[in-house]
1. Given H placed on each backbone N at 1.01 Å, which residues far from Glu33 in sequence or on other chains put an amide H within less than 5 Å of it?
2. For a Förster distance of 45 Å, can you work out the FRET efficiency between the beta-carbons of Lys181 and Val150, rounded to the nearest 0.05?
3. Set the Förster distance to 25 Å, then compute FRET efficiency between Glu348 and Ala57 from the Cβ-Cβ distance, nearest 0.05.
4. Work out, step by step, the length gained on full extension between Lys27 and Glu188: first 0.36 nm times the residue separation, then minus their alpha carbon distance; give nm to one decimal.
5. For segment 93-155, which GluC sites (Glu not before Pro) are both in a DSSP coil and crowded by at most 14 other Cβ atoms within 10 Å?
6. Which order do peptides 45-51, 130-136, 316-322, 334-340 fall in by mean Cβ count within 10 Å, highest first?
7. Across segment 306-311, in residue order, what do the Karplus-derived ³J(HN,Hα) couplings come to in whole Hz, using 6.51 cos²θ - 1.76 cosθ + 1.60 with θ = phi - 60° and x for Gly and Pro?
8. Top mean-square fluctuation among Ala277, Ala294, Ala124, Gaussian network model of the chain, C-alpha springs under 10 Å?
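Read the figures in this text as sums done on the coordinates, not as results from a lab. What you are looking at is a predicted structure, and each value in this text was computed from that prediction instead of being measured. Methodologically, a virtual Cβ is constructed for each residue, glycine included, from the backbone with ideal geometry; neighbour enumeration extends over all protein chains shown.
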Amino acid sequence: MKTFLTNLSIVIFLVSCTTAPEKKEIKNEKINEFAIVIHGGAGTILKKNMTPEKEKAYQDKLKEAITVGYTILKNGGKSIDAVEKTIHVLENSPLFNAGKGAVFTHEETNELDASIMTGNDLNAGAIAGVTDIKNPISLARKVMENSEHVMLSGKGASIFAKEQGIEIVDPKYFYTESRFKSLQRVKEKMKAELDHDGKTAFYDPIIKDSKFGTVGCVALDKNGNITAGTSTGGMTNKRWNRIGDAPIIGSGTYANNATCGVSSTGWGEYFIRAQVAHDISAIMDYKGVSLKEAAREVIQNKLTKLGGTGGIIAVDKNGNMVFEFNTAGMYRASMNAKGEAEVKIYKE
Ligand code: ASP
């Protein structure tokens, strides 16, 4: 009997050793009292295609933008203000595919999308397909704060903008020569492909040339509130009022004070199908893993397996800042509570 009991206890011990769940050590300590990260798009961004002047122009603008948000956070301001004002700097620059530098549609117009979300109340606002709003992120904020809706689009969104005192511009404001030339290049390539195999080629030429210049910002303030925002002109040569992931809550933007805030950039259709931003938060929530692990899983595994390209920026409730992308580069910057900034373009 004694031998039987001894053997039984050995078996129980061995079984418990092999089936016990692996314990993951997640450091639940504040790394930064406040933090901010931004992106200016991901894609085939290679050093060999850059001039030193162009590289510097991007770095300077990213630094200028993140400093605006950092200063607000340092002075005890709200993350929503930091995100909105930081994105204004990027939207007002022709360097990025948002606001002033928005890409052209097939019909040679500009259609802008944006969204914002606050992590304390899971409130959100978004606009899609607007043609005359100087700073789409501000209109997304107004939708969140002053309407009962989450997303407005097209002409209706412009009417709401006027009522809210949001700056309206002539659609010609969005004309930039370089974006217009990009559209012509894509159309030329499309024509060449059509001549070649006679099939309709719409996205292919864009993707081969793919640079996603969307802008985004995620910030954690001193009160522990996380806000995420994203703004874009979408994809060059888009048609039929195509809308990407940027204004889709859970794909392009997500924020939850219990987990993290995320802003995406990349091939929008895939980001919508993979529900990238929300998925990162959900994995942290349900599996108890770190932001870095959750982001890597969604971008390098789930999104990549689907065939999607792009990346995300994120901040968690403890001020950990994460960048994750599967492209050659991503315009990006971070700034911690000490005011230490990191501005990067290419893959490390
Ligand atoms: N995600 C954006 C879209 O699909 C494009 C980008 O990131 O530049 O509309």
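1. Amide H neighbours of Glu33, under 5 Å, 5+ apart: Ala337.
2. For R0 = 45 Å, the calculated efficiency reads 0.80.
3. Approximately 0.70, to the nearest 0.05.
4. 52.7 nm
5. Glu107, Glu108, Glu148
6. Going from most to least packed, we get 130-136, 316-322, 334-340, 45-51.
7. Using θ = phi - 60°, the values come out as 5, x, x, 10, x, x Hz.
8. Ala294
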